[in-house]
Amino acid sequence: MRNLYNDIVAKKEKISLVGLGYVGMPIAVAFSKKADVIGFDINAKKVELYKKGIDPTREVGDEAIKNCTVDFTSDETKLKEAKFHIVAVPTPVNADHTPDLTPVEGASRVLGRNLTKGSVVVYESTVYPGVPEDICIPILEKESGLKCGVDFKIGYSPERINPGDKVHRLETIVKIVSGMDEETLDTVAKVYELVVEAGVHRASSIKVAEAAKVIENSQRDINIAFMNELSIIFNKMGIDTKSVLEAAGTKWNFLKFAPGLVGGHCIGVDPYYLTYKAEEMGYHSQIILSGRRINDDMGKYVVESLVKNLIKADIPVKSAKVGILGFTFKENCPDTRNTRVIDIVNELSEYGITPVIADPAADKDEAFREYGISFVDTDEIKDVDALIIAVAHNEFLSMSMQDLDKHFANRENAHKVVVDIKGILNRDEYEKDGYQYWRL
């Protein structure tokens, strides 16, 4: 293993990526500029798209996929050709908010079946401290017949990829790296330094690296929950939260967070991994779970506020026609998995309302597969009583008041209800024009 890094640079040994989603695929493409890379995913359909030079994630773009040298495959036996393996599969939560380790366990089984002596396995998937050591190593050992620490080593390097973000990329974000011993740490650090221009931070242990990952997103979750709670309080007081945050933001050390729906695979998920492990150790989280409860209830709160505004506008709730702009979990990203806009859709159904939804950026097949939801084109949202702007896609940021008007039924402006979750519109302008306007 001492020469593994040199062998990778000399292209005598290969790197494999297990899991080619929003995290794994950009890593595979980046490493392929410096080394021979095998990109493996169990989803043969996705692999075929990559082979054709199509990037369904839009993270690196079709051109980068077309021109890269990654050997995309759904044949697990190809993993035998690699000695440095990176596992980047999702780690979701179950309906009861307990960790769903099925993908990482499955990836470990696949990798274990094809593991060779002298390999290094690095997990990037977000987990609670102890998962690689307590759960993954036994699987790798059982499937491979090899002994960890003797025949192969493991490391952990938490992913920090921000889907849809063209500024903070794999190359520009400092990468935390860790290994089961000094030799492994050195190898993992040097390999990642091939592609991470911002450099690496060598964590003192695998558990430290795992803990760092889960608290990064827990911190954001708690801060957003505070903003959401402030929004609820200020709305009761008739105070505009965005204006309050702009005023408070003039202080040099005021942290710039905003209220909103908290979805995705990190901020809305990682805190549950930490609190699950804490519960196992006999500690019941108070701050972290309080933040989660607030954020998980925001879809319900948005719909309750919409209903109040429909009543104010003398629009019968049950027969109200509602349009939603945006469905993905964040702006300018096609990913709909773990979007919290679905909470709004489900809550509306409690009032007998089935909304029409448009999202020009979303993966339509995925949305139908995950939620049974079909989208219409944005200009097909017509004659609505209320419009919910749920996601700040670039397409929606450029909308004028005239563009918005086209979506509404032919009524007086006083009967037009707009719920602007992301606060992208100018409140004063819309209220002056007679709109019933509400935002978090």
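The values are calculated or read from the model by the stated rules, or taken from the named source; none is laboratory data. Everything numeric in this text was worked out from a predicted model, so none of it was measured. Cβ: placed from backbone, ideal geometry, glycine included. Neighbour counts: every protein chain shown. For accessibility, only protein heavy atoms count, side chains too; no ligands or nucleic acids. Shrake-Rupley method; radii C 1.70, N 1.55, O 1.52, S 1.80 Å.
Quick check on the stretch 189-207. Is at least one of its residues assigned to a helix (DSSP H, G or I), closer than 26 Å to TYR22 by Cβ, in contact (Cβ under 8 Å) with a residue 40 or more places away in the chain and basic (Lys, Arg)? First the steps, then the outcome.
To start, the set of residues in the stretch 189-207 that are assigned to a helix (DSSP H, G or I) comprises 189-193, 206-207.
Add one more test, that the residue is closer than 26 Å to TYR22 by Cβ, and what stays is 189-193, 206-207.
Keeping just the survivors that are in contact (Cβ under 8 Å) with a residue 40 or more places away in the chain gives 190-191, 206-207.
Of the ones still in play, those that are also basic (Lys, Arg) are 190, 207.
Looking for residues that are assigned to a helix (DSSP H, G or I), closer than 26 Å to TYR22 by Cβ, in contact (Cβ under 8 Å) with a residue 40 or more places away in the chain and basic (Lys, Arg), one finds at least one in the stretch 189-207, hence yes.
Which residues, taken from the stretch 375-432, are in contact (Cβ under 8 Å) with a residue 40 or more places away in the chain, of a type outside the set (S, T, N, Q) and over 15 Å from GLY323 (Cβ atoms)?
ALA392, ALA414, LYS422, GLY423, ARG427
Suppose we filter the stretch 91-121 for residues that are under 24 Å from GLY268 (Cα atoms), among the aliphatic types (A, V, I, L, M) and either open to solvent by 40 Å² or more (accessible area, probe 1.4 Å) or part of a strand (DSSP E or B) (or both); how many remain?
So the answer is 2.
Looking at (1) assigned to a loop (DSSP other than H, G, I, E, B); (2) open to solvent by less than 40 Å² (accessible area, probe 1.4 Å), which one does ARG337 not meet, given that it meets all the others?
(2)
Go through the stretch 41-56 and report how many residues are part of a helix (DSSP H, G or I) and polar (S, T, N, Q).
0
So which residues in the stretch 122-151 are hydroxyl-bearing (Ser, Thr, Tyr), open to solvent by 10 Å² or more (accessible area, probe 1.4 Å) and touching a Lys or Arg at 6+ places or on another chain (Cβ under 6 Å)? Break it down into steps so the answer makes sense when it comes.
Residues of the stretch 122-151 that are hydroxyl-bearing (Ser, Thr, Tyr), as a first pass: 123, 125-126, 128, 144.
Right, trim to open to solvent by 10 Å² or more (accessible area, probe 1.4 Å) and you get 128, 144.
Selection gives TYR128 alone.
Going through the stretch 122-154 one residue at a time, which ones are part of a helix (DSSP H, G or I) and of a type outside the set (A, V, I, L, M, F, W, C)?
Those that are part of a helix (DSSP H, G or I) and of a type outside the set (A, V, I, L, M, F, W, C): PRO132, GLU133, ASP134, PRO138, GLU141, LYS142, GLU143, SER144.
Condition check: surrounded by 14 or more Cβ atoms within 10 Å (Cβ to Cβ), in a helix (DSSP H, G or I), small (Gly, Ala, Ser) and in contact (Cβ under 8 Å) with a residue 40 or more places away in the chain. Does GLY299 satisfy that?
Spelling it out, GLY299 is indeed surrounded by 14 or more Cβ atoms within 10 Å (Cβ to Cβ), in a helix (DSSP H, G or I), small (Gly, Ala, Ser) and in contact (Cβ under 8 Å) with a residue 40 or more places away in the chain.
Would you check if ILE324 is in a helix (DSSP H, G or I) and either open to solvent by 50 Å² or more (accessible area, probe 1.4 Å) or at pLDDT 95 or above (or both)?
The answer is no for ILE324.
Could you look through the stretch 277-286, keep only residues that are outside any loop (DSSP other than H, G, I, E, B) and open to solvent by 80 Å² or more (accessible area, probe 1.4 Å), and pick out the one that is farthest from MET298 (Cα to Cα)?
GLU280
Please indicate, with yes or no, whether at least one residue in the stretch 261-276 is exposed (fewer than 11 other Cβ atoms within 10 Å of the Cβ) and not hydrophobic (A, V, I, L, M, F, W, C).
Within the stretch 261-276, none of the residues are exposed (fewer than 11 other Cβ atoms within 10 Å of the Cβ) and not hydrophobic (A, V, I, L, M, F, W, C).
Tell me the residue from VAL391, VAL418, VAL376 that is open to solvent by less than 50 Å² (accessible area, probe 1.4 Å), under 20 Å from LYS300 (Cα atoms) and assigned to a loop (DSSP other than H, G, I, E, B), please.
VAL391
I need a count of the residues in the stretch 47-62 that are open to solvent by 30 Å² or more (accessible area, probe 1.4 Å), touching a Gly at 6+ places or on another chain (Cβ under 9 Å) and either over 17 Å from LEU170 (Cβ atoms) or among the hydrophobic types (A, V, I, L, M, F, W, C) (or both).
Number satisfying all stated conditions: 1.
Please work out which one of (1) without any contact (Cβ under 8 Å) to a residue 60 or more places away in the chain; (2) touching a helix residue (DSSP H, G or I) at 6+ places or on another chain (Cβ under 8 Å) is the condition ALA248 fails and give its number.
The failed condition is (2).
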